[in-house]
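Structure first, commentary second.
The values are calculated or read from the model by the stated rules, or taken from the named source; none is laboratory data. Keep in mind that this is a model prediction, so the values were computed, not measured. Neighbour counts are summed over all protein chains in view; Cβ atoms, including those assigned to glycine, are modelled from backbone coordinates with ideal geometry. What goes into the accessible areas is simple: the full protein's heavy atoms, side chains included, and nothing from ligands, DNA or RNA. Shrake-Rupley method; radii C 1.70, N 1.55, O 1.52, S 1.80 Å.
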Amino acid sequence: MRKGAAAQQVNAMEFKSFMKEALQEARNAGSQGEVPVGAVIVRKGVIVAQAGNRTRELADPTAHAEMLVIRAACIAVGSQRLPGYDLYVTLEPCAMCAAAIAAARINRLYYGASDPKSGGVVHGARVFEHKQSHHSPQVYDGIAAIESEQLLRKFFASRR
């Protein structure tokens, strides 16, 4: 189930975005020379884990913000599954991260910038639409998209 930011049916009185925290993780990653992507996992309004990309630092192509934050949250709660947890990430997850989100049984995915080149949610593989996907979270896109896009553009412009 995919819901665009404009079509969100979340009651504004109940919804609190944690994208500000995800953006800070993205800024931290960017300041370390990593692609500025940040992620936060939340349960009942409390941050359980947060991370930014660390692929260069860890010399690990799987060290995307989403993978790291899912690992940290699973360790924090002592479970390989995270039903009832929400993930905020500044960029549309790639296919690898989308598969991990499904495997972890994340309840809701909120993301900022779309990724037409490498995205795996509404672009590319569209992981959650496959019958092989054991779980499909509720998806809300476009949350703080402008700020997320600006961080990425600035980062890549500085490297050209």
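FRET efficiency for the Ala103 to Ile47 pair, using the beta carbon distance and R₀ = 30 Å, is estimated at 0.90.
Packing, as the average of other Cβ atoms within 10 Å across residues, places the peptides 131-144, 83-96, 109-122 in the order 83-96, 109-122, 131-144, highest first.
For the stretch 117-160, carbon and sulfur atoms together expose 51% of the accessible surface, with a 1.4 angstrom probe and every protein chain in place. Straight Cα distances below 18 angstrom link Lys44 to the lysines Lys16, Lys20, with same-chain residues fewer than 8 positions distant left out.
With viscosity set to 1.002 mPa s at 20 °C, what whole-number translational diffusion coefficient in µm²/s follows for the stretch 26-148 from Stokes-Einstein and a Kirkwood radius over Cα pairs? Stokes-Einstein gives a translational diffusion coefficient of 152 µm²/s. Ranked by the mean number of other Cβ atoms within 10 Å of their residues, highest first, the peptides 35-46, 71-82, 50-61 fall in the order 35-46, 50-61, 71-82. Across the stretch 116-125, computed HN-Hα scalar couplings (Karplus, 6.51 cos²θ - 1.76 cosθ + 1.60, θ = phi - 60°) run x, 7, 10, x, x, 9, 10, 10, x, 5 Hz from first to last residue, x flagging Gly and Pro. Surface analysis of the stretch 18-156 yields an accessible area of 46 Å² per residue, using protein heavy atoms and a 1.4 Å probe. The slack in the chain from Ala95 to Thr62, taken as 0.36 nm per residue of separation less the alpha-carbon distance, amounts to 10.7 nm. Between the amide H of Val48 and those of Ile41, Val42, Arg43, distances stay under 5 Å, these residues lying 5 or more places away or on another chain, with hydrogens modeled in the peptide plane.
Extension gain for His135 to Arg81 (0.36 nm times residue separation, less C-alpha to C-alpha distance): 18.3 nm.
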